Amino acid sequence: MRVTEHLYVYLWADQTENNCNSVFIEGKTPVLIDPGHLNRTGQLFDRMRADGANPDRIEVVIGTHAHPDHVEGVAAFRAGSVKLTLSKQEDQFVEKVGRPELERQGLGLPPYEVDFYLKEGTLILGKHEFEVIATPGHTPGGLSIYWPRRKVLISGDLVFLQGVGRSDLPGGDAEALKESIQRLAKLPVELLVPGHGPAVQGASRVRTNFDYILKLLLVR
Ligand SMILES: [Zn+2]
């Protein structure tokens, strides 16, 4: 759905299947964050078209992290038609550990080429300015994308509504997860779009959610 000017959020509502939330940001350089599973991209693109957003205009695809339910859908794009980006650490982890592990489980990740690496700091796409924040814990090279002008935070699988991402998968790190969440909790956020489940709208609701997570879920 279209949330505000330029911002479209597609939450995955089907409880019987695993697929991530996707975010599309329109502009001079239209960007899709987390395309999701490959067999669901058709549905995502249909939903975008129904909202007047044109998936054919997507120029950049960002993967918050390289789990198949977030990035497998990059294979839906013609080779060279979009630029794929994730962090270098995540890319290296996937090639060394993630891919062999998935293959052992009889799963796969389609081959893809990363066009450029995202580093912590400012990312300018067209007229939009984003902050890329390195948020390891769920995976070693996980990223969160913050849009300061709109106070929108896209957190991948780090935090959810009343929940946190798993740190028991390969490359997960519970201590790093906690530190990453503590960093994100300091940001002024009006809309939190997690990698799965409902979005959290309104600064006070976002604050309450971080407080709940930090006080109740991450105490040890
Ligand atoms: Zn994940």
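The values are calculated or read from the model by the stated rules, or taken from the named source; none is laboratory data. On a predicted model such as this, the values are computed, not experimentally measured, just so you know. Ideal geometry is used to build each Cβ from the backbone, glycine not excepted, and the neighbour counts take in all protein chains shown.
Matching residues to (1) at pLDDT 95 or above; (2) in a loop (DSSP other than H, G, I, E, B); (3) within 13 Å of the ligand (Cβ to nearest atom); (4) over 17 Å from the mean Cα position of the chain (by Cα):
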site: Val61; (1), (2), (3), (4): yes, no, no, no
site: His70; (1), (2), (3), (4): yes, no, yes, no
site: Ala75; (1), (2), (3), (4): no, no, no, no
site: Val94; (1), (2), (3), (4): no, no, yes, no
site: Arg99; (1), (2), (3), (4): no, no, no, yes
site: Pro111; (1), (2), (3), (4): no, yes, no, yes
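Quick one: count up the residues across segment 73-85 that are in contact with a Phe, Trp or Tyr (Cβ under 7 Å, 6 or more places away or on another chain) and not β-branched (Val, Ile, Thr).
First, pick out the residues of segment 73-85 that are in contact with a Phe, Trp or Tyr (Cβ under 7 Å, 6 or more places away or on another chain): 74-75, 83-85.
Of the ones still in play, those that are also not β-branched (Val, Ile, Thr) are 75, 83-84.
Residues in segment 73-85 being in contact with a Phe, Trp or Tyr (Cβ under 7 Å, 6 or more places away or on another chain) and not β-branched (Val, Ile, Thr): 3 in total.
Does Ala53 meet the test of being among the aliphatic types (A, V, I, L, M), within 13 Å of the ligand (Cβ to nearest atom) and not in a helix (DSSP H, G or I)? For Ala53, the condition - among the aliphatic types (A, V, I, L, M), within 13 Å of the ligand (Cβ to nearest atom) and not in a helix (DSSP H, G or I) - is not met. Annotation note: of Gly165, Gly171, Gly156, the sole residue that is surrounded by 20 or more Cβ atoms within 10 Å (Cβ to Cβ) and within 14 Å of Gly63 (Cα to Cα) is Gly156. Each residue in segment 119-139 was checked for being surrounded by 15 or more Cβ atoms within 10 Å (Cβ to Cβ) and away from the ligand (no atom under 16 Å from the Cβ), and 8 of them qualify.
Just give me the residues in segment 10-45 being more than 16 Å from the ligand (Cβ to nearest atom), within 15 Å of Phe130 (Cβ to Cβ) and under 17 Å from the mean Cα position of the chain (by Cα), in sequence order. Selection gives Phe24, Ile25, Glu26, Pro30, Val31, Leu32. Within segment 106-123, is even one residue closer than 16 Å to Ile154 by Cβ and in contact (Cβ under 8 Å) with a residue 24 or more places away in the chain? Yes.
Among the conditions (1) in contact with a Phe, Trp or Tyr (Cβ under 8 Å, 6 or more places away or on another chain); (2) farther than 16 Å from Thr4 by Cα, Phe45 misses just one, which is (1).
Here is a yes/no grid of residues against (1) within 16 Å of the ligand (Cβ to nearest atom); (2) in contact (Cβ under 8 Å) with a residue 40 or more places away in the chain; (3) closer than 30 Å to Leu102 by Cα; (4) not β-branched (Val, Ile, Thr):
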{"site": "Arg149", "(1), (2), (3), (4)": "no, no, no, yes"}
{"site": "Ser155", "(1), (2), (3), (4)": "yes, yes, yes, yes"}
{"site": "Val164", "(1), (2), (3), (4)": "yes, yes, yes, no"}
{"site": "Ala185", "(1), (2), (3), (4)": "no, no, no, yes"}
{"site": "Val200", "(1), (2), (3), (4)": "no, no, no, no"}
{"site": "Arg205", "(1), (2), (3), (4)": "no, no, no, yes"}
{"site": "Phe210", "(1), (2), (3), (4)": "no, yes, no, yes"}
